[in-house]
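In what follows, a structure is listed as structure tokens, so that the remarks can point back to it.
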Amino acid sequence: DAMFIASQSFEQAPPTARRLLIVFSDMRQSTAGLDFEHIAVSNTGTLLNKATHEIGEPDLSGIEAYALGVDAAGITYDRWRGIRNFWTAYFGKAGAELKGYSILRELPPMGP
């Protein structure tokens, strides 16, 4: 739902506004429809189809996205990487560019 709220916010922004989305989250979607805590995250294509069916596909066209604070506590690096691959594909399909995905919480240097 957060991605749909973001897409609506960007729709209302002036056309000249910078379209920057910063998400502070572990990115472990955990709902009845899509639960990264309990399912395999190795097949990005299958998960992407399930996600767009279950949670929809917001319009994030032209948005620069950063996911920060994406910790790996309690999971393997392979699971963390699988979740990252999913979100990279999800943002891309929604029209955004996922420019950063990090366990760190600090924003990288950004130009104008």
query: Looking only at the stretch 49-73, which residues are within 16 Å of Ala89 (Cβ to Cβ), crowded, with 18+ Cβ neighbours inside 10 Å and either in contact (Cβ under 8 Å) with a residue 40 or more places away in the chain or more than 14 Å from the chain's Cα centre (by Cα) (or both)?
result: Pro58, Leu60, Ile63, Ala65, Ala67, Val70
query: Quick one: would you say Lys99 is free of Cβ contacts under 8 Å to residues at least 24 places away in the same chain and surrounded by 14 or more Cβ atoms within 10 Å (Cβ to Cβ)?
result: no
task: Could you please find all residues in the stretch 21-46 being out of contact with any Gly (no Cβ under 7 Å at 6 or more places or on another chain), farther than 14 Å from Ala94 by Cα, among the aliphatic types (A, V, I, L, M) and touching a residue at least 40 places away in the same chain (Cβ under 8 Å)?
output: Ile22, Val23, Met27, Ala40
- prompt: Which one of Gly56, Gly92, Gly45, Gly33 is assigned to a helix (DSSP H, G or I) and in contact with a helix residue (DSSP H, G or I) (Cβ under 9 Å, 6 or more places away or on another chain)?
  reply: Gly45
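Every number in this text was worked out from the coordinates using simple rules, so none of it is lab data. Predicted model, so just to flag it, every value in this text is computed and none were measured. No Cβ is skipped: glycine too gets one built from the backbone with ideal geometry, and neighbour counts run over all protein chains shown.
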